[in-house]
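Below is one structure, written out as structure tokens; comments come after it.
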Amino acid sequence: MAGSNTNTAAPGPRVLHALEGLALVVSVLCILTICALILVGVITRAAFNWSLPDMEIIVRDLMIGAVILPLAYVSAGRTHIAVDVFVAMMPKRWLPAVDLLGSVVGLLVLLPIVWGGWLAFRSAWVGGAYAYGEFEIPEWPVRLTFWLGYLIFTLRLAALVVGDLRAAIRGDAAAAAPTDKG
């Protein structure tokens, strides 16, 4: 999908890779929909002095899918933003431990986010919350998208922790990271 990175080198079950790919496709569709909505909004405002009601709410909700859903895919390929300047100066034998530390810290940071996302989704679902506007758009779909995106991200980091732990125990820098770290 994105270049030559298919995430097959990342640890984890095939279903996790499939979920990451599906989330990436949905993210791309969110971005394309945002672009189409903005284009239509600009044209209708310029030509007819009319705009789609609740455009800001719809675009805001689509942005959650566009940003959150690809996080697991990016982490699987270890193509997220990293401080490579410092890592490149470290001895290669330290790389498995550094990768393990990053995966563990990331996983620990994500756990309360996933829990909070679940609580927010459940509250919106049970309470029937909706965004104030002409369409009265329900809040549960965007809350579900947020929770699922972070849940898949958490599963990916858990798989990376297991793979990084194995690599750290073996002292294998190449196995710890599927991308080239110099």
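Read-outs: derived from the displayed coordinates by stated rules, not from any lab. Please read all numbers here as calculations on a predicted model, not as lab measurements. Note that we place each Cβ from the backbone using ideal geometry, even for glycine, and neighbour counts take in every protein chain shown.
Checking every one of the GluC sites (Glu not before Pro) in segment 72-161 against DSSP loop status and a limit of 10 other Cβ atoms within 10 Å picks out Glu134, Glu136. Working from Cα pairs under 8 Å separated by at least six residues, relative contact order for the chain is 32 percent.
In segment 53-182, the inverse of the mean reciprocal separation of distinct Cα atoms equals 16.5 Å; this is its Kirkwood hydrodynamic radius. Quick one: angle between helix 55-68 and the longest Cα principal axis of the chain, in degrees between 0 and 90, rounded to 10, please. Orientation of helix 55-68: about 10 degrees from the principal axis.
Mind running the shape call on segment 39-94? Use the C-alpha gyration tensor, a ≥ b ≥ c as the square roots of the eigenvalues: rounded below 1.5 for a/c, prolate if a/b tops b/c, oblate otherwise.
prolate
Among the chymotrypsin sites (Phe, Trp or Tyr not before Pro) in segment 18-100, those placed in a DSSP loop whose Cβ has at most 13 other Cβ atoms within 10 Å are Trp50. Within the shell defined by Cβ-Cβ distances under 14 Å, the residues around Leu144 carry a net charge of 0, with Lys and Arg each +1 and Asp and Glu each -1.
Angle of helix 140-170 to the longest C-alpha principal axis of the chain, folded into 0 to 90 degrees and rounded to 10: 10°.
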